[in-house]
Each structure stands twice: as structure tokens, then as C-alpha cells.
Amino acid sequence: KLFIERQDQFDLFIYSEDDTLLTTRNLTAWIEVQPLLAKDQILGFLRYEVYRDGELSYCGVHYHYHWNPASVQRAGGEIFAHYTNEHSALSVLTRDQLKHCIASGGFDVPAHQGRYDMLVSAASDPYTQCGLQRLICVSRLDDFLLKHLPNVYLGRIGVKARDFTPQLEVIEQIADGKASDAQLFDPKVDIYVPREAWNKIYYAEPVPEYRRAMEFGARRILSVGCGDGQVEADWIAQGATVTGIPMDAIIAASAVQKGVEVLSPDLNLAIQETEGRLFDIVVFHQVLEYVPEPVEWLRKVRQRLADNGQVVVCAPNQMGRRIRCKVRKEAYPFAERASFGDANMHVTGPRILRGWLQEAGFRPQALHAILRGKAARVAEMAKGLVDSVLAEAIIQTGRKS
């Protein structure tokens, strides 16, 4: 309300949470660089914390958030890109930008929860509700870093500078036309889920259940939909060699650091690039639920699978979610007969995954439940009888016929 009442009295309007430090350097850079952008584009910031040894941790880099390779652009000699985590606890608006936000109808709104929690949404509303595209100035990133004063996320979420810098180098290559701006598939679900919880995870942690599901005596693994490489690094530690078809060339830079050989972020190109090669295992980790034709994707990689090779598919257990929501009398986001076109995501469960494998020419084999927290304890007491209901995700294996 204060901004609206005083919209004609000031040139800049700054909203900040009380744990985020805005410096003179930050604000001076914003004033210098913002005029390089289009009217519907606005400069944003990234937050960081500091380890005891002085290394930075980018605390806003985690889970499903990522650079959008198609957004990379040059303007006025600088390089910009959109990072999908639009929360940095602070926003700066010019008078014209504020008036635009007010006129959009998305600024003067009650406290709300959506993509972000209620306590932090206000700092992000200009980007998420008012029609402004938030860009980060990659070529001057140091000028647009905000210190998160509490340092509470260290070791919990965030990426160290040493792991993040290679991504920035690829963004510069994209701006120069030396790297692909393609994306393997659209990772965003088109239905409302708080905090975008069902989007494709780019910074997925290792999944211990893979150690039971996969035959590590077979050493050559093709990972389709590779993120930052944490999942694949666990397989490499088991003695496997891993080749990844990455989500994009930017996140691929992080996977390379962990020992993953990366291909083009395009399924057809990747199949061409592996001409003459065969893999013992092909893994789809959080992939098939996001592509329009999952059976076709399975068929395409089948030609790169060795005889009697193993296919491994990990996807959410939507069947279990539906039942749990009914028991708790909560709303289930998917309609009972939701289509891919409704949500940009398939409803998945054990029966559906087995059906996809069979249709693509594989023999379905074992199903492994991914259980966490209280669900894991209950499942253990039930001796596996309710795994398919309690599992948050499932791993279905199959064999090349």
C-alpha cells in the first residue's frame, strides 16, 4: 500500500526482507544495467551465503530451479538469462515499472501462497504476477549477488561456487552461438501445485533404491534427462561409466564435473551421436511423465540397449497420492482422467509404467518403492503389503525382449 500511495514521489522502489543485504554496489549496478533491457524485462538478483573458508554457496540454486537456455541474450554488451527461482527476497522497481505492476492487477493483492510461501511471495510478485520477465546479468553477476545474512542454508540447500561457475561459462557460450540453447523437454507442470513441487528436479540427490534395482555388473549406463549429475555420480561410485542426455547444455556442465559424459540435449541428436555404441542399462529418472509420447522415447533408446539389456524407469507414484489424498480428505490436483494436455504431465503408477514398457517392446520385471519418513516406517511394519500405496515414487525395471 505504501508504494501505491507514493508512486509519484520517488524514482526507485525497493522491497527487501530483513535478512538480505543490499549494498551500494548492488544498487549502482542495477541503475547502470537496467536501461539495457526491454520495458517488460527487469533485473533480478541471486542470493548467496558464505562458508567458513570463504567459498560462496548460491542458496537459491536447488531442486527444480534452473537457467532457461532459451532466455540467454545479449544487450548493450552484457549477457542476461532467466533463472527460474525468482525469489531473492528483494526487488527494485523504477517508477514506470511500479506503475506497470499496479496496472497489471497482480501487485495490490492480499497475502497469498502460490509458487512461493506466503511469507516470501511479496518480494517476487512483480515477476510472478505482474508480467515482468526477471533476468540475471550473468556477465556482471558479482554485482547482483545479495548476501543472505543468517547463513542458515549451508549444507542443506544451495550450490557451491565451484559447481556453479561452469554453468555461467556455458551461458556465455550460448550467447556467442557456441553452445545449444535447446531443452530436452518442458520440465514444468501446468497445474497448480504449491511451490511447483511436481516439476522436474534438476538437483536430485542420489537415490539408494537404484542400487537394488540396477545391475551394476553391467557397467555402461545411459541416463536420459540428466540433471546436475548427483544421481549419476552415485552410479559412477559403484564402478559404472555413465553417459547422459542432459536437460540442457547449462546443467550439463555440472554433470561433467561429476564424471558424466554428456551428449546433446536432444533425444534424436543424442541417438545419432551414439551410433555404433550399446549400453547395458538405460535409465529414465523423472523423465517419461513429462514427455508427450513416453512409449516412443522408450522405443528410440531401445536401439542403443545391448541384447538382454536393462531399462529402468523412475516416476512419481500418483496412484498412491490419489489414495492418500482421499484418506486425508484433501484435494488431489489431477482429475481422475487428466490427460497430458491438461497438465503437461502424465499420471503415473505401477500399472502405467508396466504398460509403457510392454508397448515399447520390453519385458517388465521388478518394481521398487521409494519410501521416505513415516511412510517407510509403516511400510516396514506392513512387510511390503502397502508399498505401492505409500511410495512417493517407484522404480520399474524391464528387460529388452
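Where a number appears in this text, it was derived from the coordinates with a stated rule and is not lab data. Just so it is clear, the structure is predicted and the values come from calculations on it, not from any experiment. Cβ: placed from backbone, ideal geometry, glycine included. Neighbour counts: every protein chain shown.
Data overview
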| quantity | calculated |
| --- | --- |
| Interatomic Cα distance distribution for the range 2-181, bins of 10 angstrom, percent | 9, 37, 38, 15, 2 |
| Rounded Å value of the spacing that divides the Cα centres of the range 344-375 and the range 188-210 | 16 |
| Cα-based shape type of the range 209-400, given that a ≥ b ≥ c are square roots of the gyration tensor eigenvalues and the cut on a/c is 1.5 | prolate |
| Potential extension, S104-A161 segment - 0.36 nm per residue separation minus Cα distance | 16.9 nm |
| Calculated from backbone phi, Karplus (6.51, -1.76, 1.60) coupling profile of the range 183-190 in Hz, x at Gly/Pro | 10, 4, 7, 6, x, 9, 7, 9 |
| Distance (nanometres) between label positions extended 7 Å along Cα→Cβ at R211 and L269 | 3.6 |
| Estimated D of the chain in µm² per second, where Rh is the Kirkwood radius over Cα pairs and Stokes-Einstein applies at 37 °C, 0.692 mPa s | 144 |
| All aspartates and glutamates inside 14 Å of K300 as judged from Cα atoms, apart from same-chain residues fewer than 8 positions distant | D266, E273, E275, E359 |
| Amide hydrogen neighbours beyond the local backbone of A393, cut-off 5 Å, H modeled | N317, I370 |
| Rounded to whole Å, sorted largest first: equivalent-ellipsoid semi-axes of the range 101-145, Cα gyration tensor | 24, 14, 7 |
| For the range 130-140, 3J(HN,Hα) per residue [Karplus equation, 6.51 cos²θ - 1.76 cosθ + 1.60, θ = phi - 60°, Hz, x = Gly/Pro] | 10, x, 9, 8, 8, 10, 9, 7, 5, 6, 10 |
| Links that overshoot a 21 Å alpha carbon limit, given the list K1/K147; K39/K99; K160/K258 | K1/K147 |
| Anchor K188: lysines whose Cα lies under 21 Å away (excluding residues fewer than 8 positions away in-chain) | K200 |
| Residue of R156, R277, R211 that the Gaussian network model of the chain assigns the largest fluctuation, springs spanning Cα pairs under 10 Å | R156 |
| Only Lys, Arg (+1) and Asp, Glu (-1) charged, at Cβ; the range 156-314 dipole about Cα centre in debye | 460 |
| Whole-angstrom Cα spans of the range 72-122 along principal axes, big to small | 40, 24, 15 |
| Per-residue ³J(HN,Hα) for the range 386-401, Karplus 6.51 cos²θ - 1.76 cosθ + 1.60, θ = phi - 60°, Hz, x for Gly and Pro | 10, 4, 5, 8, 7, 5, 7, 8, 9, 10, 10, 9, x, 10, 5, 6 |
| Burial ranking of peptide ranges 228-239, 246-257 (average Cβ count within 10 Å, highest at the top) | 246-257, 228-239 |
| GNM flexibility winner over the chain from A213, A38, A315 (Cα, springs under 10 Å) | A38 |
